Amino acid sequence: MRIAIRKTIISIVLGILCFFASKWALTFSQPPYIIAIEWCEILPFMAAMAFGGRYGLIAGVFGLGAFFPFILYPNNGWSNLITSLLLLFMYFQVGYFSMKRQRIPAFWNSPLFVYPLVVILFSFLFFALFPLGLSLNPPFWYPEAVTNISPQLFSSIIVKSFVNLLVQLFFADFLIRIPLIRKIFRLEIKKESRLNNRIALLAFILSGLSWYLVIIFNRIFIEQTFPKGIFSWNDPHELIALLLIFSISSIVGSLLIVFTEARLRAEDNLTTSKENYRQIFDQTVDGIFITFSDGKILEVNKRGSELSGYSYEELLTMQVSDLFLEHEDCFSHLGETKMDTFSSLFCEEPLVHKNGSSIFTEISTQKMADGKFQTVVRDISDRKKIELSLQQNEKYYRALFENSPLGYQSLDTDGNIIEVNNSWLKILGYKREEVIGRWFGEFLIPEMVGAFRERFPKFKADGEVHNQFRMVHKNGNVLDVAFDGRIGYDKAGSFKQTHCVLNDITTRERMLNELKESERRFRITIDNAPLPIMLHADDGEVLMISKAWSNLSGYTLEEISTMSKWLEKAYGKAQDNVKKVVNQTYSKIGAEYEGEFVITAKNGSQIIWDFSSSNLGKLSDGRVLVVSMAMDVTGRKKAENENIKIHEDLKQLLEEADLSREVLLNVVEDQKIAEEKLNQLNLTLEEKVADRTSQLVAANKELEAFSYSVSHDLRAPLRGIDGWSLALKEDYEDKLDENGKLYINRVRSEIQRMGQLIDGLLLLSRVTRMESKQAALNLSNMVNTIASRIADENPNHKFYIEIEPDLFDNGDNDLLQIVFTNLLENAVKFSSKVQSPKIEFGRLKINGKPTYFIKDNGAGFDMNYAKNLFGAFQRMHKQTDFPGTGVGLATVQRIINRHNGRVWAEAKVDEGATFFFTLWEDK
């Protein structure tokens, strides 16, 4: 952009100078035609020649360089416009051919050919259009303009214009070739510029001199008049002669410039070609020796000198064969006339360096058209090393192939074996000649031959395979073999052969089976372990828990499948602290004792587990495996808490004893009196204690005697009454009326009720005196067993019972069976009259304590009488509605009391009743 602006400014300046030069010429001569026309137009022509046709137009239009005729020749009127337009056309044509000459330096683009042609075209157009402009006169700006001109004057104007324009063009071309002016115009300065100037100037001078000599000769010898001046513009013959001589000189000069430029360019091209050739010749990676037919070195490049170690001058005195140890075979052809031109001979010989060392080289000798020889020497030391390395690698990889721990085989398109390695032969016990060419299916067990027929075409289609076969060893043993293979293709992309590696996995398969069996035993061991055990990974997945874990916590593996679920359910708000302890086990090696933690079981009870964990290392997928084991120390902790309480009480007693001792020391005298009184009181107290003890022993003996009397003395007459009443009924029933029968039946019913009362009293007595044996019990299983027995005993009374599973607690098995028997029999009895009897057993928390309940939807009772519910022989219903002894609930209360618990009931009439009880409230 900046260059275009610079060119535009220069062109406008040249046009303005041309315009004002014409005005300046008016002050000098009359007419100004002689001076102005020969000088002012040179400047726009120079702009066109330097920058191109459009810049010539810029100089002529914006610089007014084409409008000077309006100043010089105002009489011509509208014809001046024709002259200005033709001048603009000339500026463009001259600029166009100047730019074209730079791209295509041909004769028809040279100045001495173009300039006369352009001037001739201008003259022709001027001759045709100038009269037309005169016919339009006068113009509005100059009323005195002429309307016509004489033919002689018009011809003279055309000739003069032709000569003047041609002179201006050559002069402008001469100026634009001067190095100083080219530098001002910022044009490229070429070395042929000065020579072209000389040729153009010489042509211009010779043409003028020739014309002048012709005129002198014509006037002296033909017209016989001595010339009065050098030029005569009024004689058309002289002007025509000048035109012809100048045209011939222009053509000759143009030819000389073209030929000169062509010669200079050819010389430059030759010099450049030599330089390029020498540069390529010296920079080639191979050494090149040009020799005569006798082997004497004529020319050598830099690489040849580097390879041999000799200087350029030293090599020109040597034979090329002097550089090689064994040259008979490589250079014996030199001097042979039978060797074809441009044919080449190749060989490999060691080249001897000037320092005595040698390198492997590849030699190529070619006979050239002039009879000389060109020897190209290439350093192949690295290639030789690579070839040697390849040979060694081939041996190495062949050894690896043959001795690889994996077998290798290659099959053709039909499945026949074409290659195996030593490992393959060792695995199957064959020799190579026993295998090559045989069908692969012959080495499989019969059951797998069909599978191979199906898999092989699929293998060829897919391009790869990963299979497992059972093959037969030469000794008959069956082997498990794993195959991995790919298809080899030729250059056309067609099947060539298979490439398969096989691995004997017989031992691995056996070990995998043993590992699976070991894993199965491990799982059984974990599952049936007496302690709670959990296997978990560092990504939080719980892999396995033992039955003891599930039974004691109440949670199944599905409910605590991740550590986050287990921590949330078991620890609640404390899970974050426990999580930190668990995460530490993943990074520590070996066993780690974690301590005691309070666990919330699924049933809501609080249990205490003592935890230890061990990092077992990583699984096959990279996860860290940890086993966590726990011991339920809930009972132990309760005992420890009780011991602590006893210790604290004992400590308090000791403190009180110390205080008492201090008081006693202060009242020594009073103590003696108190001791005498105390001795007396002790005597009295011992008598009372002995009396009370004997009374208690007697009461126990009486109670035992009463129990014995009830069980023996009272039952004997009761059995007699029962027997005699039965005999009376059987023997005299037909003689009694209806009232007699009714009385007999009532007597028997009361006898049976009396027996039940005696059984109840005996049971109530035994419950108080029975020895309690504590053990961990599954209360859910106990209730289920008792309910099944009651259902078998009452086949006509169907009921539905819902039992919460896996409810564990400590207690006496025999006593708690009595409790559940009484409560369940009552629930069955009092729900017998509803349409769909339903009984529930479960556990919930009341005031933070685990509470068991048995609920029915039977008759219920009025809660106003609930205070008498657990008294002996107390009943809420009539005997006729619901028979019973009234001793069962009293027995239940005494058993629950012996378990440090309490029992109570809630009920509504006709809506059922719920009996609640707790165990071990003090713990």
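General remarks:
- Residue that is more than 22 Å from Arg398 (Cα to Cα), in a strand (DSSP E or B) and open to solvent by less than 70 Å² (accessible area, probe 1.4 Å), where the choices are Val481, Val449, Val501: Val481
- Residue check for Arg486: in contact (Cβ under 8 Å) with a residue 24 or more places away in the chain and over 30 Å from Phe597 (Cα atoms): no
- When residues in segment 263-299 are screened for being at pLDDT below 85 and β-branched (Val, Ile, Thr), 5 of them pass.
- Here segment 352-373 is the region considered, the condition is being over 56 Å from the mean Cα position of the chain (by Cα) and assigned to a strand (DSSP E or B), and the residue that is farthest from Gly304 (Cα to Cα) is Lys367.
- Which listed residue is within 16 Å of Ser84 (Cα to Cα), touching a Phe, Trp or Tyr at 6+ places or on another chain (Cβ under 8 Å) and modelled with pLDDT of 75 or more, from Phe126, Phe122: Phe122
- Qualifying residue in segment 121-139 (condition: touching a residue at least 12 places away in the same chain (Cβ under 8 Å), more than 30 Å from Gly95 (Cβ to Cβ) and either among the aromatic types (Phe, Trp, Tyr) or not assigned by the TED database to the domain that holds Ile42 (or both)): no
- Residue count for segment 407-424, restricted to those that are outside any strand (DSSP E or B) and either open to solvent by 70 Å² or more (accessible area, probe 1.4 Å) or out of contact with any Leu (no Cβ under 9 Å at 6 or more places or on another chain) (or both): 5
- Any hit, segment 565-582, residues being touching a Ser or Thr at 6+ places or on another chain (Cβ under 6 Å) and either open to solvent by 90 Å² or more (accessible area, probe 1.4 Å) or in contact (Cβ under 8 Å) with a residue 40 or more places away in the chain (or both): no
- Total residues in segment 1-29, condition basic (Lys, Arg) and either outside any helix (DSSP H, G or I) or modelled with pLDDT under 75 (or both): 1
- Look at segment 531-543: where a residue is closer than 13 Å to Ala630 by Cβ and open to solvent by 50 Å² or more (accessible area, probe 1.4 Å), no partner that is at pLDDT 90 or above and outside any strand (DSSP E or B) sits 6+ places away or on another chain with Cβ atoms under 8 Å.
- Matching residues in segment 784-841 - criterion: being surrounded by 20 or more Cβ atoms within 10 Å (Cβ to Cβ) and part of a loop (DSSP other than H, G, I, E, B): Phe799, Leu807, Ser831, Pro837
- Residue match in segment 30-43 (condition: modelled with pLDDT of 70 or more, among the acidic types (Asp, Glu) and in the same structural domain as Phe67 (by the TED database)): yes
- The residue of segment 849-865 that is farthest from Met782 (Cα to Cα), among those that are in a strand (DSSP E or B) and open to solvent by less than 10 Å² (accessible area, probe 1.4 Å), is Thr851.
- Among the residues making up segment 457-478, those that are among the hydrophobic types (A, V, I, L, M, F, W, C) and open to solvent by less than 50 Å² (accessible area, probe 1.4 Å) are Phe459, Val465, Phe469, Met471, Val472.
The values are calculated or read from the model by the stated rules, or taken from the named source; none is laboratory data. Quick caveat, the model's predicted, so the values are computed rather than measured. Cβ coordinates were reconstructed from backbone atoms using ideal geometry, including for glycine residues, and neighbour counts include every protein chain displayed. Each accessible area value is taken on the protein alone, full model and side chains, heavy atoms only, with ligands, DNA and RNA left out. Shrake-Rupley method; radii C 1.70, N 1.55, O 1.52, S 1.80 Å.
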